[in-house]
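Worksheet for the structure shown next.
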């Protein structure tokens, strides 16, 4: 609190440091949400912008009241009563939940192996996990199309090995979406987990081993409970964006793969129904707001350390 | 290290890299069928450099990434300083939320809501709107990278400088800034690659004449697998790998 730095005392210099990010993020992150909320209560129209009502600033108080009267919850009624949107929400939750679970099961051993690797190899191994994290998401999803399609490499390999008689239909199925989700988000799961596991006190493990616990038992009774907060943070970090995922269901899932991100995209780009797309965004926000707050609190604890 | 853990590592890395390797190998395929090997050829790379719309969109992406990366670096570094060095202040909770939320928020929500703002205030969609959008979602990532470095700093160095009579600005310029500079550069590189990679947000906020590289690639990917995309992807992966190696050398050196 008393540490030096520009304006640590809370004077005008301190304000100069925090005002730019505060103003920018308020203007371009917070305010847009409020606008989205407002437009989700409007009706679609064939005009530009394609929604009604548009606030008439010149009309003063009267303009405001007629503007407010024209707002309604019709789009939310559509979301609630039309089974298409309900199914899209449930299927988003199911995909994100199942993929998060698989990511915990795959990512935990991988992060543990990274943390236990010899020190001189560790920097290189971590860099190897980081490179895909930085590599284009679109490209990494695209790469799976050539592998999974009926005449693709996976089927070619399985056919040659004689494991299957006819090509499997994998691309454009839920299986392909799951593979894509797990693959694309694995680095997001492994990196926070590794950060926690590499900080764990190795002497605790040694003590457990000295007392006669085998490696599996040491992992389950010492490492796993200590790493639990990291596992939860990693799972949240994957679950939240997966709810709104667009690229993976669009490229790997069939046309009947329902996920909220894709529904929002098509309402906006194909149907040009901005108000309904806004309502889908608000619904998605309501689904992720709990996890986002949890994640922010974890981030705040980390930042305050 | 046990054999089991070694096997886990090998399998994990194979899973992460096999698709990328397949992609790169088939970019040198002479056949235009992506899944049938027709001999070694660099024809797709030649086709790539003759593809003018693709080159043009690469330039758009590069300009957007440089500008938005620079803005995000300034905003993210300031946010990290405020959260890491200012103790308690009234807007702390708000700032924390605003910095961390965009990092996990589904991209479709960020893209749609920013578009509605731009339409609402009558700002023409184009490169400028993409730059604003990218700077907004990248700021948090820079703040995390710079914040981690700030936490690792030896506070006594800053205190010593202050005790010796340096004012806050001077302490920052001569002690703090040089020590966090590598993290600031790493944060910039991260913001740069995130911007270069974004498809969803850019699709919402861009207008005619501002097509980014991922938007161009996506419109071709939708038509099917195509060796020219493999070639473009391979070049991007090589560029990103070089940037990551540079960034990790920057942050590893203490």
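Throughout, read-outs are computed from the coordinates displayed, never taken from laboratory work. Quantities reported herein were computed from a predicted structural model and do not represent experimental measurements. Note that each Cβ is placed from the backbone with ideal geometry, even for glycine, and that neighbours are counted across all protein chains shown.
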> If you project the alpha carbons of the protein assembly as shown onto their three principal axes, what span does each projection cover, largest first, in Å?
Replying inline: 76, 67, 48
> Highest GNM mean-square fluctuation, chain A, Cα pairs closer than 10 Å: which of A:209, A:195, A:98?
Replying inline: A:209
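Residue separation times 0.36 nm, minus the C-alpha to C-alpha distance between residue A:156 and residue A:266: what's the value? Mind showing how you got there, number by number?
Details: separation 110, 0.36 × 110 = 39.60 nm, distance 3.40 nm.
In short, 36.2 nm is gained.
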> Where is the GNM fluctuation largest for chain A (alpha-carbon springs, 10 angstrom cutoff): A:247, A:39, A:164?
Replying inline: A:164
>> When a/c reaches 1.5 or more, the comparison of a/b and b/c decides; with that in mind, is the stretch B:1-131 rounded, prolate or oblate per its Cα gyration tensor?
In response: oblate
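Other chains near B:6-16: what is the mean number of their Cβ atoms within 10 Å of each residue's Cβ?
Working: counts 3, 2, 9, 11, 1, 4, 12, 7, 0, 7, 12.
Mean shielding count: 6.
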>> Taking the 0 to 90 degree range and rounding to the nearest ten, how far is the long axis of helix A:83-116 tilted relative to the main principal axis of chain A, both from C-alpha atoms?
In response: 30 degrees
> With each run of n ≥ 4 DSSP H residues scored as -39500 (n - 2.57), what mean residue ellipticity at 222 nm is computed for the protein assembly as shown after dividing by its residue count and rounding to the nearest 500 deg cm²/dmol?
Replying inline: -24000 deg cm²/dmol
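So if we plug the beta-carbon distance of residue B:154 and residue B:55 into 1/(1 + (r/R0)^6) with R0 = 45 Å, what FRET efficiency do we get, rounded to 0.05? Walk me through the numbers before you get to the answer.
On the way: r = 48 Å, r/R0 = 1.06.
Computed FRET efficiency for residue B:154 and residue B:55: 0.40.
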> To the nearest 0.05, what FRET efficiency results for residue B:36 and residue A:94 with a Förster distance of 41 Å applied to their C-beta separation?
Replying inline: 0.65
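Inside 10 Å of the C-beta atoms of B:90-97, what's the mean count of C-beta atoms belonging to other chains?
Working: counts 1, 5, 4, 2, 5, 6, 6, 9.
That works out to 5 on average.
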> Of all the Cα-Cα pairs you can form in chain A, what percent are over 25 Å apart?
Replying inline: 65 percent
> How far apart, in nm, are the 7 Å Cα→Cβ label points at residue A:164 and residue A:34?
Replying inline: 5.4 nm
>> To make sure I understand, if each residue's beta carbon is the centre and we count other beta carbons within 10 Å, what order do A:116, A:205, A:272 fall in, fewest to most?
In response: A:272, A:205, A:116
> Does the stretch B:133-254 come out rounded, prolate or oblate by the C-alpha gyration tensor, with a ≥ b ≥ c the root eigenvalues, rounded set by a/c under 1.5 and, if not, prolate when a/b is larger than b/c and oblate if not?
Replying inline: prolate
> What does a probe at residue B:246 reach in the stretch B:176-200, counting residues whose amide N is under 13 Å from the point 7 Å along Cα→Cβ?
Replying inline: B:185-193
>> Can you give me the C-alpha center-to-center distance between the stretch A:205-230 and the stretch B:201-247, rounded to a whole angstrom?
In response: 44 Å
> Rounded if a/c is under 1.5, else prolate if a/b is larger than b/c, else oblate: which is the stretch B:51-252, with a ≥ b ≥ c the root eigenvalues of its Cα gyration tensor?
Replying inline: prolate
> Looking only at A:73, A:268, A:239, which one moves most when chain A is put into a Gaussian network model with springs between Cα atoms under 10 Å?
Replying inline: A:73
> Within 10 Å of each Cβ of B:186-198, how many other protein chain Cβ atoms are there on average?
Replying inline: 2
